[in-house]
Amino acid sequence: MKKTGYSYSLQAIILALALMTSLASCLSDDLLKETEERGLMVLSLKGVQTRAAGDPLLTGDEEITKVRIFVFAGETLEVNRLFQTGEETFNNPFILDVITGNKDVYVVANESPILATELSSVTTKAGLFDVLSDEIAAPLALPLPMTGYVLNVPVIEQPDPAVRNEVQVTLTRVAAKISLQFKKASENDEVKITKISLLSNTGKTTLFPVPPATAVSPQSYWDFTTTLDNPLELLTALSPVNEIGDIYVYENITEGIKTNATQLEVEALFNDVITTYRVYINENIATPGTGTPGDPSSSSTTPGDHPYSIKRGYHYKLNGTIVNMGAYSSLLLDTEVLPWNLLQSTFNYEYVNAVFQVAPKPPVGSPVKITSPTANINLNFKIIAPVGRVWSVSLTNTADFVLIKDAATNAYTWGTIGGGSGSWPDIRIALRPGVTVSPGASTEVIVRVNGVEIDFDKSGTTGPGNRLVVIYQP
């Protein structure tokens with residue numbers, strides 16, 4: 001039998017075809033790279049001032065030492081890059097070389113070593129949203145983790161160096177800030193705070209607020225307790241707890257249910273009697289009043305969507321007044337909820353157009369009078385800019401005075417600035433019900449926009465002595 005004589009030639013042909021296919025593929029890839037249009041993305045962290053290259057950005061709870069930027073084209077990851085202090089490229093704004101087209105940009109600041117491992121391996125948006133911030137069992141340490149994003153950012157080719165694909169990202173802290181101040185109601189009582197606790201704080205939260213942190217399951221909880229080295233002796237004016245300072249925690253979304261809601265517990269010596277006071281964060285307690293201590297259905301909060309909840313990106317200023325020895329009714333609590341923006345100190349009041357109308361309008365330093373225990377005053381005002389910002393009002397003396405909210409009479413304590421011709425809500429102030437207010441008692445009125453105080457008469461000056469004053473003068 002004769003053997004076929006072209007087997008070697010066939011093998012050579014197959015090998016040649018394979019090499020040609022590989023070469024064609026390489027040429028095709030090279031051609032795509034040559035024709036691929038690219039552009040420079042100039043990404044700024046909004047409100048963050050530029051410092052020397054490589055230096056940390058800002059200080060305190062605003063400090064930023066690391067910035068990781070994700071750029072997605074649709075669902076496809078294009079960039080996952082970390083910038084950190086000590087590097088020449090750590091400078092705001094950050095420059096990225098990307099393919100032209102629409103991009104979704106996500107930023108994570110101040111990642112921990114544990115987070116760094118997870119984030120460096122992220123390849124999809126879903127994977128990014130699944131990342132949890134570090135689990136904690138104590139207050140967060142500085143610098144705080146922050147996140148931000150902006151969608152559908154167009155990037156075009158830039159033959160002209162003057163053309164820049166600029167994008168601004170606003171960062172939100174993956175935390176809430178809690179500040180504590182206390183005072184006593186009567187000069188005749190001796191009150192010393194010896195221990196402060198925040199009970200039932202959450203241990204887990206998603207890095208980005210999508211999906212919401214309520215999706216974390218199972219959740220973990222921890223308690224924060226500090227016995228003061230030097231008991232805080234209370235005055236009739238609010239005193240901060242400097243030994244503790246600000247407390248940073250994850251959000252605790254309760255949706256009005258107090259199970260696992262964060263609770264403030266204060267131990268004090270009330271005329272040398274050991275007394276424990278308890279109240280839930282973000283319920284406003286007044287005695288007597290419309291709210292029932294410990295009853296979420298009657299809790300009063302400002303803004304109204306925070307009952308028994310702690311939300312990321314907000315500053316909770318707890319102003320407590322100890323009046324007696326009842327555990328649930330003798331710690332009067334006023335919770336002031338303020339948007340906690342990245343750089344409140346850089347907010348420019350000149351962008352705010354606030355006009356107060358009081359009839360008759362007194363000059364700064366001249367008080368508006370409440371002349372009877374049942375009377376109240378209305379401060380009618382208007383803020384038309386900046387659109388979308390949140391305004392809020394607070395009082396410096398909450399033991400003797402209260403803010404009244406009543407939608408039927410257009411009386412409000414906070415709202416969102418709508419722009420246009422604006423609206424004219426009232427700030428309505430009255431004496432605190434059930435409290436014997438001494439003639440001459442007074443309070444200053446503070447109006448803030450996104451947590452930053454604005455001036456009363458557009459003089460550009462804020463702070464004590466430059467605010468509208470309300471006095472009880474029967």
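Every residue, every condition in (1) among the small types (Gly, Ala, Ser); (2) under 20 Å from the mean Cα position of the chain (by Cα); (3) at pLDDT 90 or above, yes or no:
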residue: ALA141; (1), (2), (3): yes, yes, yes
residue: THR147; (1), (2), (3): no, yes, yes
residue: PRO159; (1), (2), (3): no, no, no
residue: ALA176; (1), (2), (3): yes, yes, yes
residue: VAL191; (1), (2), (3): no, no, yes
Q. Among the residues of segment 77-114, how many are in contact with a Phe, Trp or Tyr (Cβ under 7 Å, 6 or more places away or on another chain), surrounded by fewer than 15 Cβ atoms within 10 Å (Cβ to Cβ) and of a type in the set (A, V, I, L, M, F, W, C)?
A. 0
Q. Would you pick out the residues in segment 127-143 that are assigned to a helix (DSSP H, G or I) and either of a type in the set (Ser, Thr, Tyr) or surrounded by fewer than 18 Cβ atoms within 10 Å (Cβ to Cβ) (or both)?
A. GLY127, PHE129
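Looking only at residues that are hydrophobic (A, V, I, L, M, F, W, C) and assigned to a strand (DSSP E or B) in segment 216-230, which one is farthest from ALA137 (Cα to Cα)?
Of all residues in segment 216-230, those hydrophobic (A, V, I, L, M, F, W, C) come to 216, 222, 224, 228.
Subset that is assigned to a strand (DSSP E or B): 222, 224, 228.
Working: TRP222: 5, PHE224: 8, LEU228: 20 Å.
Per the criteria, the residue is LEU228.
Conditions tested, residue by residue: (1) at pLDDT below 90; (2) among the charged types (D, E, K, R); (3) over 17 Å from SER197 (Cβ atoms); (4) surrounded by fewer than 19 Cβ atoms within 10 Å (Cβ to Cβ).
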residue	(1), (2), (3), (4)
ALA268	no, no, no, no
ARG278	yes, yes, no, yes
ASN282	yes, no, no, no
SER299	yes, no, yes, no
GLY304	yes, no, yes, yes
Q. Quick one: ASN165 ticks every box in (1) modelled with pLDDT under 95; (2) crowded, with 16+ Cβ neighbours inside 10 Å; (3) closer than 21 Å to GLY313 by Cα bar one, so which box is it?
A. (3)
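For every residue, the table says whether it meets (1) closer than 21 Å to ALA411 by Cα; (2) modelled with pLDDT under 85; (3) buried (at least 16 other Cβ atoms within 10 Å of the Cβ).
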position: ILE429; (1), (2), (3): yes, no, yes
position: PRO439; (1), (2), (3): no, no, no
position: VAL449; (1), (2), (3): yes, yes, yes
position: GLU453; (1), (2), (3): yes, yes, yes
position: GLY463; (1), (2), (3): no, yes, no
position: LEU468; (1), (2), (3): yes, yes, yes
Q.
For the structure I just gave you, tell me whether VAL122 is among the β-branched types (Val, Ile, Thr), surrounded by 13 or more Cβ atoms within 10 Å (Cβ to Cβ) and part of a loop (DSSP other than H, G, I, E, B).
A. yes
(Q) Being in the same structural domain as VAL105 (by TED's automatic domain parsing), within 30 Å of THR321 (Cβ to Cβ) and either touching a residue at least 12 places away in the same chain (Cβ under 8 Å) or part of a strand (DSSP E or B) (or both): is that true of PRO154 here? (A) no
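Taking the conditions exactly as written (among the small types (Gly, Ala, Ser), under 18 Å from ALA109 (Cβ atoms) and touching a strand residue (DSSP E or B) at 6+ places or on another chain (Cβ under 8 Å)), does ALA175 satisfy them or not?
Working: among the small types (Gly, Ala, Ser): yes; under 18 Å from ALA109 (Cβ atoms): yes; touching a strand residue (DSSP E or B) at 6+ places or on another chain (Cβ under 8 Å): yes.
Against the criterion (among the small types (Gly, Ala, Ser), under 18 Å from ALA109 (Cβ atoms) and touching a strand residue (DSSP E or B) at 6+ places or on another chain (Cβ under 8 Å)), ALA175 qualifies.
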Q: Pairs only if they're at least six apart or on different chains, beta carbon under 7 angstrom, first in segment 86-115 and on the phi > 0 side of the Ramachandran plot, second part of a loop (DSSP other than H, G, I, E, B) and among the acidic types (Asp, Glu); list them, first residue then second.
A: none
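Which of the following residues is part of a loop (DSSP other than H, G, I, E, B), modelled with pLDDT of 70 or more and out of contact with any Lys or Arg (no Cβ under 7 Å at 6 or more places or on another chain): SER366, SER394?
Values: SER394 fails: part of a loop (DSSP other than H, G, I, E, B).
After applying the criteria, what remains is SER366.
The values are calculated or read from the model by the stated rules, or taken from the named source; none is laboratory data. Keep in mind that this is a model prediction, so the values were computed, not measured. Cβ: placed from backbone, ideal geometry, glycine included. Neighbour counts: every protein chain shown.
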